[in-house]
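Okay, structure first, notes after.
The values are calculated or read from the model by the stated rules, or taken from the named source; none is laboratory data. Bear in mind the structure is a predicted one, so any value in this text is a computation, not a measurement. Ideal geometry is used to build each Cβ from the backbone, glycine not excepted, and the neighbour counts take in all protein chains shown.
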Amino acid sequence: MVSLNGNVLFSEVPITIGAEDFSTFIKNAYKFLKTDYSKFFKMDNLSKLAFLAADVLLKKENLNEEENNIALIFSNKASSLDTDRKHQAAIENDAEYFPSPAVFVYTLPNICLGEISIKHRLYSENSFFIFDRFNAEHLQLYANSLLRSGKAEKVLCGWVDLDENSYDAFLYLVEKEGEIEHKTEEITRLYNIL
Amino acid sequence: MAKTFVSHNNILSNLGFDSETVVENISKGKSGLEKFDDASLLPEPFCASMISSEVIKSEFNKIGDTSKYTKLEQMLILSLKKVVDATDIQLNEKVGLIISTTKGNIDVLEKQSNFPESRAYLSELGKTIQNFFGFKNEAIVLSNACVSGVLAISVAKSFISEGKYDHVFITSGDLVTKFILSGFNSFQALSAEPCKPYDKNRVGINLGEVAASALVTSSEKNLSQEAVAILGDATCNDANHISGPSRTGEGLFRSVKSALKEANLGASQIDYISAHGTATPFNDEMEAIAFNRLGMENVPLNSLKGYFGHTLGASGLLETIVGMHFMKKNILFSSKGFSDLGVSKIITIIKNNTPKNLQIFLKTASGFGGCNTAVIFGKINN
């Protein structure tokens with residue numbers, strides 16, 4: 001399911017009971033959201049998830065085509081383990097040793113931030129944190145610090161986690177003016193609604 | 001805004017188990033890089049700096065049970081313990097812990113590992129370090145490619161300026177593993193010989209493993225002798241490519257510019273640049289372009305990769321600590337491996353150890369994902 005500000009944009013009924021298959025879900029969501037970006041298909045799963053979630057929010061922002069100052073502060077639990085396991089499988093046995101640079105480059109969680117920055121021309125800060133579970137307080141403090149110092153005009157924050165068959169992305173845009181107050185309790189409440 | 005300082009520190013490397021010994025070895029021109037021919041790590045010979053697991057274990061035995069901690073955890077704990085012990089800070093709710101790493105315990109994914117796969121989760125690594133020392137706050141793990149170590153200093157400063165913490169301990173480290181070696185080798189980025197940052201004969205990087213730790217604090221009391229103030233910092237993305245640096249050095253240029261602005265300094269006021277200098281053709285060229293665009297072509301610059309190799313998530317913190325000690329000594333140390341300029345723009349690479357009054361230095365780092373971080377440090381003159 002993909003939702004924006006509480007409104008469901010796209011939802012897929014799983015064929016089997018249980019988690020939706022990620023690759024089917026993300027492909028259908030990509031088509032439904034009319035995201036026309038050929039580099040998408042080269043990305044690893046975590047980047048596809050983060051990229052699409054960010055795209056839903058950022059395409060409503062009327063961004064400048066040349067450059068934008070939106071910092072990205074993302075977090076998750078599984079880092080890039082989904083792709084790490086693929087790279088490990090390619091080097092585990094000497095007889096089938098075949099590491100690939102196209103896989104290896106995605107064995108860092110912040111690569112998805114690079115993908116988002118390239119698409120939306122964000123020459124701004126990127127930080128990727130790892131927590132055991134969603135930690136609104138640290139995201140909130142760090143976003144405040146970037147806005148207060150003037151280093152970022154807006155901050156896109158959130159949680160993008162993908163591990164074996166489970167995945168979820170929760171992103172929110174923080175700026176100096178808006179309707180929802182940027183408070184830890186409110187961020188946590190919104191995250192828990194999902 | 002209240003000042004923030006980088007104070008007590010430790011480096012655990014094959015050049016020594018404390019910062020002073022390591023810096024002493026650098027001053028003598030000693031490098032930790034060695035050639036290896038070990039098919040269990042890479043099918044071909046390679047050059048790296050590594051710390052023997054046995055040496056780590058025999059040190060760790062004095063403070064804990066080696067069977068319960070991975071090699072990386074032992075390194076991080078040994079390193080951080082020296083910093084915690086050097087301060088009289090009580091680990092209460094105003095004290096934070098940041099762990100900077102790119103791959104953490106990635107070696108537990110290997111079939112023959114004695115540890116479960118769950119140890120590969122970076123939050124587990126965080127918990128292990130947090131519990132060993134009894135930190136009251138959850139460890140914050142930062143994993144942002146090769147800028148992580150220096151970005152951790154910026155993050156610590158932000159949490160202090162937001163009032164969350166008074167003191168933040170940072171520990172950083174990555175291992176030289178089959179995982180990392182095979183990956184960089186698949187990019188054809190490794191040099192089988194000791195690396196030569198900025199040199200015309202440079203062919204690529206060497207990997208290295210260290211643990212580096214430091215205290216970032218808002219308190220001017222009990223600072224270490226080499227402590228520095230954080231004057232400005234910034235991180236900027238290239239918005240260009242995920243695995244190659246920008247041809248124009250855009251993100252590096254912007255991050256240094258923004259850090260200078262915060263520090264209220266001009267390019268000419270920087271006495272020394274501790275640059276990234278991985279010795280890949282593209283990285284070093286990109287840096288030369290960015291420093292020229294910044295008007296910093298005459299600022300003495302070195303890369304420390306010729307001493308340690310590229311230590312990934314630790315490199316930014318490691319190189320900041322070494323820079324702090326250089327400032328205290330008022331000596332510019334040579335950029336090991338360099339002899340003839342091999343970048344298209346002129347930059348001033350330090351060839352020989354040279355005495356110079358050092359007041360302000362700039363640390364930069366760049367990494368996969370297009371990230372670039374710059375932090376400016378100032379000497380504290382009493």
Notebook entry, point to check: For the range B:29-148, list the helices (runs of 4 or more DSSP H) that sit wholly inside it and hold at least 1 residues that are of a type in the set (Asp, Glu), under 24 Å from the mean Cα position of the chain (by Cα) and under 27 Å from residue B:371 (Cβ atoms); which are they?
Noted result: B:71-86, B:122-133
Checklist line | Residue tally, condition touching a Gly at 6+ places or on another chain (Cβ under 7 Å) and aromatic (Phe, Trp, Tyr), over the range A:92-129 | finding: 2
Notebook entry, point to check: Yes or no: residue A:176 of a type in the set (Lys, Arg) and without any contact (Cβ under 8 Å) to a residue 40 or more places away in the chain?
Noted result: yes
Note to self: If I ask for residues that are crowded, with 24+ Cβ neighbours inside 10 Å and in contact with a helix residue (DSSP H, G or I) (Cβ under 7 Å, 6 or more places away or on another chain), which ones from the range B:243-252 would you list?
What the structure shows: B:245, B:249, B:252
Check: Just for the range A:139-172: of the residues that are more than 26 Å from residue B:96 (Cβ to Cβ) and assigned to a strand (DSSP E or B), which one is nearest to the other protein chains (Cβ to nearest Cβ)?
Finding: A:163
Next item on the list: Of all residues in the range B:127-151, count the ones that are facing chain A (nearest Cβ under 10 Å) and crowded, with 24+ Cβ neighbours inside 10 Å.
Entry: 11
Next item on the list: Would you mind finding the one in A:95, A:53, A:78, A:89 that is at negative phi and buried (at least 23 other Cβ atoms within 10 Å of the Cβ)?
Entry: A:53
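For every residue, the table says whether it meets (1) over 25 Å from residue B:342 (Cβ atoms); (2) in contact with a helix residue (DSSP H, G or I) (Cβ under 8 Å, 6 or more places away or on another chain).
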| site | (1), (2) |
| --- | --- |
| B:168 | yes, yes |
| B:173 | yes, yes |
| B:182 | yes, yes |
| B:195 | no, yes |
| B:199 | no, no |
| B:213 | yes, yes |
| B:219 | yes, no |
| B:223 | yes, no |
Checklist line | Subset of the range A:106-135 (residues that are of a type in the set (A, V, I, L, M, F, W, C), out of contact with any strand residue (DSSP E or B) (no Cβ under 7 Å at 6 or more places or on another chain) and surrounded by fewer than 23 Cβ atoms within 10 Å (Cβ to Cβ)) | finding: A:118
Margin query: Going by what's in this entry, would residue B:311 be described as at pLDDT 95 or above and crowded, with 24+ Cβ neighbours inside 10 Å?
Written below: yes
Note to self: Looking only at strands (runs of 3 or more DSSP E) that lie completely in the range B:174-275, which have at least 2 residues being within 29 Å of residue B:74 (Cβ to Cβ)?
What the structure shows: B:210-217
Notebook entry, point to check: Of the residues B:88, B:166, which is modelled with pLDDT under 95 and either more than 10 Å from chain A (Cβ to nearest Cβ) or out of contact with any Pro (no Cβ under 7 Å at 6 or more places or on another chain) (or both)?
Noted result: B:88
Notebook entry, point to check: So, of the residues in the range B:253-281 that are crowded, with 24+ Cβ neighbours inside 10 Å and touching an Asp or Glu at 6+ places or on another chain (Cβ under 8 Å), which turns out to be nearest to the other protein chains (Cβ to nearest Cβ)?
Noted result: B:259
